[in-house]
1. GNM on the chain, C-alpha springs below 10 Å: top fluctuator among Ala184, Ala337, Ala288?
2. Which ³J(HN,Hα) values in Hz, rounded to whole numbers, follow from the phi angles of region 142-151 under the Karplus curve 6.51 cos²θ - 1.76 cosθ + 1.60, where θ = phi - 60° and Gly and Pro get x?
3. Just to verify a number: FRET efficiency for Val6 and Asp28, C-beta to C-beta distance, R0 = 30 Å, to 0.05?
4. Between Ile360 and Arg185, what length comes free when the chain is fully extended (0.36 nm per residue of separation minus the Cα-Cα distance, one decimal in nm)?
5. So what is the relative contact order of region 334-404, in percent, for Cα pairs below 8 Å that sit 6 or more residues apart?
6. Once the Cα atoms of region 232-333 are picked out, what are the Rg and Dmax in Å?
7. Could you tell me what a quarter of the Cα convex hull surface of region 318-399 works out to, in nm² with one decimal place?
8. So for region 163-276, what are the equivalent ellipsoid semi-axes in whole Å, largest first, each being the square root of 5 times an eigenvalue of the Cα gyration tensor?
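Please treat every number below as a calculation from the coordinates, not as lab data. Note that the structure is predicted; figures quoted are calculated from it, not measured. With ideal geometry, Cβ positions are generated from the backbone for all residues, glycine too; neighbour counts draw on all protein chains shown.
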Amino acid sequence: MEISDVMKYKMPKYEYINMDSGWSQTFDEYGRWTYRTDLFPSGLRAVSDHLKKNGHRLGIYILPGIRRDAYDANVPVKGTDYRMQDLVTEKKEGNGFKGVTYMPDTHMDIVQTYYNSLAELFAEWGVGFVKIDGCGFGGGDQFYPYQSPDNRECLRMMGKAFRRYGIWMELSWYMDHSYAEDWARLSNGARIFIDIESYSTRTMTTSHRVFQRVTQASRWVDTGVVGKDYGFFIDLDVVLVGMVVGGKCVDGLDNDDVRKSYISFWAIVSSVFCTGADPRMIPDKYLAMLNHPGILDIHQAGNMAQPIGSGNVWLNRKQVWWKPMSDGRICCMLFNAHTYMFMLGFSHDISFDFSDVGLIKGSSVTIEDVWTGESLGIHRESYNIKLRPGQCQVLMLSPNIEIS
């Protein structure tokens with residue numbers, strides 16, 4: 001509640017406040033996830049009502065399938081004569097985290113009834129966002145992918161239930177772009193890579209882990225199902241810029257060049273954008289980055305940018321991504337993705353031709369630097385700049401009409 005009070009004026013454009021795992025340790029009388037009374041003695045409805053006054057919506061985290069503890073207790077499905085053990089006999093894993101849920105044997109109407117009751121309960125609490133983890137095909141990491149079973153039928157039923165109440169449904173983790181059409185049909189968003197956290201005892205992430213996601217994002221460009229027109233967005237994981245613990249910035253990023261590139265890339269691909277940090281602790285300098293009106297406008301355009309050339313940062317350190325804006329302008333992000341696991345690389349000249357962003361060859365454009373608001377004047381045919389490793393420049397191109 002206090003975070004919501006602070007976020008209202010420190011981050012006025014941000015809408016959801018989401019809890020990760022840990023909010024629930026057990027089930028209710030109908031086998032549904034329920035909140036910890038030690039953490040929420042007044043219930044979640046009291047929390048969501050407070051958030052609503054500030055223009056915020058509450059988000060929670062669950063796993064697909066039937067909770068094993070609810071199965072063991074064999075509690076009833078709400079409003080029916082069925083019990084949990086009627087839904088499961090084969091005891092197949094229900095998600096990528098083994099030993100937590102069971103997969104229903106068959107996805108019959110009674111399973112839909114169970115998920116409907118779950119959505120009904122969350123709606124009663126005022127929940128507006130549900131992250132569902134351990135989804136598959138997919139899951140795992142880059143070395144051991146596909147750790148999650150194929151629970152798409154469960155996800156279909158969950159999506160149907162949550163849509164009735166306008167609840168955003170987010171899938172996780174490392175969802176396979178080969179099934180992009182399925183994920184877009186089933187949900188509103190999907191995590192597309194491993195956790196961004198480095199699991200260090202000192203810092204949250206690294207510049208290298210941030211730039212890894214550029215390559216992953218490029219795999220979703222040609223799926224044709226990402227963006228506001230489809231109601232589905234990729235999720236590159238949390239933006240940890242400016243995370244402070246004990247008075248010390250622990251985001252693990254090399255410098256402010258990387259921080260701006262981090263925010264800018266999430267914006268230009270319109271990734272689900274979650275800060276991952278307590279807004280009460282983020283320094284004003286980084287709040288200004290996270291609240292930059294021009295960058296947020298680019299993000300809220302809701303369409304995914306595409307790369308010029310390869311979007312694989314290992315093959316192409318000189319990245320240029322672009323997308324059209326609704327007012328006819330073109331947004332371009334140039335960035336030097338020359339980072340290694342433990343260090344930054346070298347400066348590079350980065351350029352692009354205007355014909356590469358859908359303009360007629362020989363076109364002239366007026367260019368503005370989005371981060372600084374500076375006018376860079378009129379340019380014809382191409383643009384070039386030298387960028388430090390990890391540095392970016394976000395441009396807004398306004399095509400000039402030439403009368404002969």
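1. Ala288
2. 5, 9, 10, x, 6, 7, 9, x, 6, 10
3. Details: r = 32 Å, r/R0 = 1.06.
The formula returns an efficiency of 0.40 here.
4. Contour length minus the Cα-Cα distance gives 59.4 nm.
5. Details: 132 pairs, mean separation 28.7, N = 71.
Answer for region 334-404 is 40 percent.
6. Radius of gyration, then largest Cα-Cα span, for region 232-333: 14.4, 46 Å.
7. It is 5.4 nm².
8. After scaling each eigenvalue by five and taking roots: 27, 15, 12 Å.
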